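The values are calculated or read from the model by the stated rules, or taken from the named source; none is laboratory data. Just so it is clear, the model here is predicted, and its values are computed rather than measured. All Cβ positions, even for glycine, are placed from backbone atoms using ideal geometry, and neighbour counts span all protein chains on display. Just so you know, the surface numbers come from the protein's heavy atoms only, side chains and all, with ligands and any DNA or RNA stripped out. Shrake-Rupley method; radii C 1.70, N 1.55, O 1.52, S 1.80 Å.
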Amino acid sequence: MFYSSVPRATSGAQRAESDSKMFDDHIPIHDEFIYCLGAATQVLKFGPWKDLKKTTDDCPPEILFLVIPGNPGIVGFYRTFMESLYCDYNKKYPVWAISHAGHCSPPPGMDISDDSVQTEDVFGLNGQIEHKLSFLQQNIPAKIKLILIGHSIGCYIILEMMKRLPGLKVLKSILLFPTIERMAQSPQGKIMTPILCSLRYIVYMPLYLLSFLPEVAKASLVKFALRGIKSVDEASVTASLDLFRVECSVNAMYMGSQEMLKVLERDDDTIEYNLNKLIFYYGASDHWCPVQYYKDLKKDFPDGDIWLCSRGIRHAFVLDSSKEVASIIIDMLGKVL
């Protein structure tokens, strides 16, 4: 599998700027853009560890939290969530997130894809799974234990990762609002399937025109679209601006169309084989994975660690409940760490 850090993608000045960014209390955060399987990929890293394979620390971390996003797979949506996890564990463990291939808006001088590298359908659902496996194999030392956190379709990707690479040292996989079965049959899927599979092309021209708006106008449009949410995370507003780049939205919608067609039956064999490593968290009013899916899973796997949200958190929790979900995960992991 091909992987490249692509030095030309970020100039020395750009990389220095991203490496020096800090949140409150001097939290180090590294925002990197690379090519992975020939696709532009954003990697957001909380903690001082920039390269786990070349760390010079006397005590390198033993555990990595890795976030696999939903769709759109823009890591900026998870910024506040990741900061909360990093701080709640006393800055002891690195917390990383990897974008989906081609869902990020890379810096000037870097294209969405590297034409010199031929990777079959990296922007499709199967390609996104191989994209994450390639990243792991190239960037994460085999000795490091993983806590994988998936959101929405990220949960499906994690199950596939564990199936395809059973040697992964996974301590726990936390599957938040998991779209792992019957997506097209869900209430939201019935609405989105025709849009994503047949009508998405009509959205391209309006997106192209909107892409010429100044950043302030784009941010105002996002805030208007999210006006029904009382306390929108500002990080989500900033992350949403990537969707005004036509290629990013096109890739996200293309992946979504494949989700509707390919996420069908629940993979009970993989769940059963890894049951002691899996934690499922369902929403009580989630139109992508309704409560019946939770009940079916609970019935078929009575010994599984399967939760139903009692706090009214929405499927897109990153919009307003990132800190709350981070605290829930702390409770879930309990004595694991």
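At a 1.4 Å probe, what is the % contribution of carbon and sulfur to the accessible area of the chain?
54 percent
By average Cβ neighbour count within 10 Å, what is the ranking of 41-54, 204-217 from highest down?
41-54, 204-217
Tell me the label only: which of [x] 0.93; [y] 1.04; [z] 1.16 is Rg/Rh (Cα atoms, Kirkwood Rh) as calculated from this structure?
Label [x] holds the value from this structure.
Using θ = phi - 60° and the Karplus curve 6.51 cos²θ - 1.76 cosθ + 1.60, what whole-Hz ³J(HN,Hα) does each residue of region 59-64 get, with Gly and Pro shown as x?
10, x, x, 8, 10, 10
Put Glu247, Glu181 in order of accessible area, largest first, 1.4 Å probe: what do you get?
On the way: Glu247 80, Glu181 10 Å².
Of Glu247, Glu181, the descending order of accessible area is Glu247, Glu181.
Can you list the HN-Hα couplings for region 297-312, worked out from phi with the Karplus curve (6.51, -1.76, 1.60; θ = phi - 60°), rounded to whole Hz and with x for Gly and Pro?
5, 5, 5, 7, 10, x, 8, x, 8, 10, 10, 10, 4, 10, 10, x
Would you mind telling me which residue in His100, His287, His131 has the biggest mean-square fluctuation in a Gaussian network model of the chain, where springs connect alpha carbons within a distance under 10 angstrom?
In the Gaussian network model the winner is His287.
Compute the length gained on full extension between Leu261 and Asn90: take 0.36 nm times their separation in residues and subtract their Cα-Cα distance, giving the result in nm to one decimal.
57.4 nm
Mean residue ellipticity at 222 nm from the helices of the chain, using -39,500 (n - 2.57) per DSSP H segment of n ≥ 4 over the full residue count, to the nearest 500 deg cm²/dmol?
The helix contribution divided over the chain gives -11000 deg cm²/dmol.
Just to check I understand the Karplus step: with θ = phi - 60° and J = 6.51 cos²θ - 1.76 cosθ + 1.60, what whole-Hz values come out for region 190-207, glycine and proline as x?
5, 7, 7, 4, x, 5, 6, 8, 10, 10, 5, 5, 6, 7, 5, 5, x, 4
For Ile149, what residues show an amide H to amide H distance below 5 Å, using hydrogens built from the backbone and excluding near sequence neighbours?
Under 5 Å from the amide H of Ile149: Leu66, Val67, Ile68, Ile174.
Between Leu165 and Thr238, what's the calculated FRET efficiency when r is the beta-carbon distance and R0 is 30 Å? Round to 0.05. Mind dumping the intermediate values first?
On the way: r = 33 Å, r/R0 = 1.10.
Result of the calculation: an efficiency of 0.35.
What residues have an amide H closer than 5 Å to that of Ala40, excluding those fewer than 5 places away on the same chain, when H is modeled at 1.01 Å from N in the peptide plane?
Amide H to amide H, under 5 Å and 5 or more residues apart or across chains, Ala40 pairs with Gly102, Ser113, Asp114.
Given the Cα-Cα distance of Asp269 and Asp305 and 0.36 nm per residue of separation, how much length would full extension add, in nm?
Length gained, Asp269 through Asp305: 11.3 nm.
Using only the alpha carbon atoms of region 150-193, find the Kirkwood hydrodynamic radius as the inverse mean reciprocal pair distance, in angstroms to one decimal. Walk me through the numbers on the way to the answer.
Working: mean 1/r = 0.0880 Å⁻¹.
Here the Kirkwood hydrodynamic radius works out to 11.4 Å.
Modelled label-to-label distance, Leu333 and Leu226, 7 Å Cα→beta-carbon offset: nm?
Output for this residue pair reads 2.5 nm.
Towards the positive end of the charge dipole of region 252-300, with charges on Cβ (+1 Lys, Arg; -1 Asp, Glu), say which of Ile271, Met260, Tyr293 has the farthest Cα.
Value: Tyr293.
Sequence-distant or interchain residues sharing an amide H contact under 5 Å with Cys309, placed H: which?
When sequence neighbours closer than 5 places are left aside, the close amide H contacts are Tyr282, Gly283, Ala284.
Report the label-to-label distance for Gln188 and Lys145 in nanometres (one decimal), using points 7 Å from each Cα along the Cα→Cβ vector.
3.3 nm
Which residue fluctuates the most in the chain, going by a Gaussian network model with Cα springs under 10 Å, if the choices are Val122, Val203, Val325?
Val203
Could you report the chain's accessible area per residue, 1.4 Å probe, as an integer in Å²? Mind showing how you got there, number by number?
Working: 15240 Å² over 337 residues.
Per residue, the chain has 45 Å² of solvent-accessible surface.
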